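Inspection log for the structure reproduced underneath, given as structure tokens.
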Amino acid sequence: MKPAEGPHVWRAADLAADRSWTIELTPAEIASLDAGRFDLPRLDEVRAGLENGRGLALVRGLPVARYSEETAAVIFSGIGDALGIAVSQSYKGDRIGHVRDIGEAGRYYTVGGALEMHMDPVDVVGLLCLKRAVSGGASRIASSAAVHNAVLEERPDLMPFLRAGFHYTSRQEDKAAGAPPVTPWRVPVFGEIDGRFAAFLLPIAIRNAEREGSALSSREREALDVLDRTAARDELAFEMDLEPGDMQFLNNRLILHGRADYRDSPDPERKRHMLRLWLMMPDWPPRPANMNMHARHDRAAGGIAPKTSVETGDRP
């Protein structure tokens, strides 16, 4: 166990000092998007930064105020298709997720308030801000490699538990689409993919597995608690206050993300609202089987397998 090295090892001050991970859309690029031409040349910078750089990108300036929600979703989907392969985010087969508080417990993106640091079970997650909260709600991100190094330095005794990993399970509805009740394998928090540092952490799915009978030892619980506190430190966690029209893309092998608490509007039409993409990157080395929490996938070896219209009773 050695400290991780490379551009993906960063602290909050590093992102604040070097904003090369941010792209401002030009009028010409916006005109291309309006015309349905989504593969902008500068998306090559986004791909490179996600895979071999900091592991994140922010694309600013999409004029969402002049679009309908449907048009904004089409443009965001087009950019996602230019970057990778969009996959289903639930048993419903939704390839555009709506991140807003609808009071649906069990998934991070359908409840309000603060969110713990975690990673999504796909290569890249994208967010497009449509509406901000009345106050608060900043996106919080941290380099999983920097968190790894901090835990390795301060609590090396816990690293074997994080390397060994944890059993996972999904929501009941997603399990009905073919996800296992509890993974028979342990998903490591820290590991390697094709010889490169990689990480995965989805605490809500670990807690779900515990409720299904996969009990945690006191040392495993301590390891998760230390990991959570370390990832939330001010010097490691960078806060990004997304404005309407901002598109954030994160490498889920390298970046932990969460959310600060917020105050929402009582008006349903003015509630905080983000669109979400889950992307698989076909040019990246595939995840080893033990770093996947789903046994069945949507496509491109990622996403949640959707149920068919016959199974759900919905129309195709």
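The values are calculated or read from the model by the stated rules, or taken from the named source; none is laboratory data. What you see is a predicted model; the values in this text were computed from it and never measured. Note that we place each Cβ from the backbone using ideal geometry, even for glycine, and neighbour counts take in every protein chain shown. Note: areas computed on protein heavy atoms with side chains; ligands, DNA, RNA excluded. Shrake-Rupley method; radii C 1.70, N 1.55, O 1.52, S 1.80 Å.
At pLDDT below 95 and closer than 24 Å to ALA114 by Cβ, is that true of ARG229? Full working, then the answer.
Values: at pLDDT below 95: no; closer than 24 Å to ALA114 by Cβ: yes.
Here the answer is no, as ARG229 does not meet what is asked.
I'm checking my understanding of the structure. Among residues of the stretch 289-316 that are of a type in the set (A, V, I, L, M, F, W, C) and outside any loop (DSSP other than H, G, I, E, B), which one is modelled with the lowest pLDDT? If you could, list the steps in order and put the result at the bottom.
Taking the stretch 289-316 as the starting set, the residues that turn out to be of a type in the set (A, V, I, L, M, F, W, C) are 289, 291, 293, 295, 300-301, 304-305, 310.
Going one step further and asking which of them are outside any loop (DSSP other than H, G, I, E, B), we end up with 289, 291, 310.
Values: ALA289: 89, MET291: 93, VAL310: 36.
So, considering only residues that are of a type in the set (A, V, I, L, M, F, W, C) and outside any loop (DSSP other than H, G, I, E, B), the one modelled with the lowest pLDDT is VAL310.
For the stretch 131-145, how many residues are within 16 Å of GLY245 (Cβ to Cβ) and either touching a His at 6+ places or on another chain (Cβ under 8 Å) or in a strand (DSSP E or B) (or both)?
2
Filter the stretch 235-270 down to residues that are more than 20 Å from the chain's Cα centre (by Cα) and charged (D, E, K, R) and give me whichever is nearest to HIS118 (Cα to Cα).
In the first step, residues of the stretch 235-270 are kept if they are more than 20 Å from the chain's Cα centre (by Cα); the result is 235, 263-270.
Still in the running and charged (D, E, K, R): 235, 263-264, 267, 269-270.
On the way: GLU235: 17, ARG263: 22, ASP264: 22, ASP267: 29, GLU269: 28, ARG270: 27 Å.
The extreme case among them is GLU235.
Spot the failing condition for ALA215; the list is (1) assigned to a loop (DSSP other than H, G, I, E, B); (2) open to solvent by 10 Å² or more (accessible area, probe 1.4 Å); (3) modelled with pLDDT under 90, and only one is missed.
(3)
Each row is one residue, and each column tells you yes or no for (1) in contact with a His (Cβ under 9 Å, 6 or more places away or on another chain); (2) closer than 29 Å to ASP14 by Cβ; (3) open to solvent by less than 10 Å² (accessible area, probe 1.4 Å).
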| site | (1), (2), (3) |
| --- | --- |
| ARG54 | yes, yes, no |
| GLY61 | no, yes, no |
| SER68 | no, no, no |
| ALA72 | no, no, yes |
| PHE76 | no, yes, yes |
| ALA82 | no, yes, no |
| TYR91 | no, no, no |
| ASP94 | no, no, no |
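Please state which of the following conditions VAL189 fails to meet, knowing it meets all the rest: (1) within 18 Å of the chain's Cα centre (by Cα); (2) open to solvent by 10 Å² or more (accessible area, probe 1.4 Å); (3) not polar (S, T, N, Q).
Condition not satisfied by VAL189: (2).
With within 22 Å of LEU83 (Cβ to Cβ) and of a type in the set (A, V, I, L, M, F, W, C) as the only criterion, which of LEU250, LEU227, LEU236 stands out? Spell out the reasoning first.
On the way: LEU227 fails: within 22 Å of LEU83 (Cβ to Cβ); LEU236 fails: within 22 Å of LEU83 (Cβ to Cβ).
Answer to the check: LEU250.
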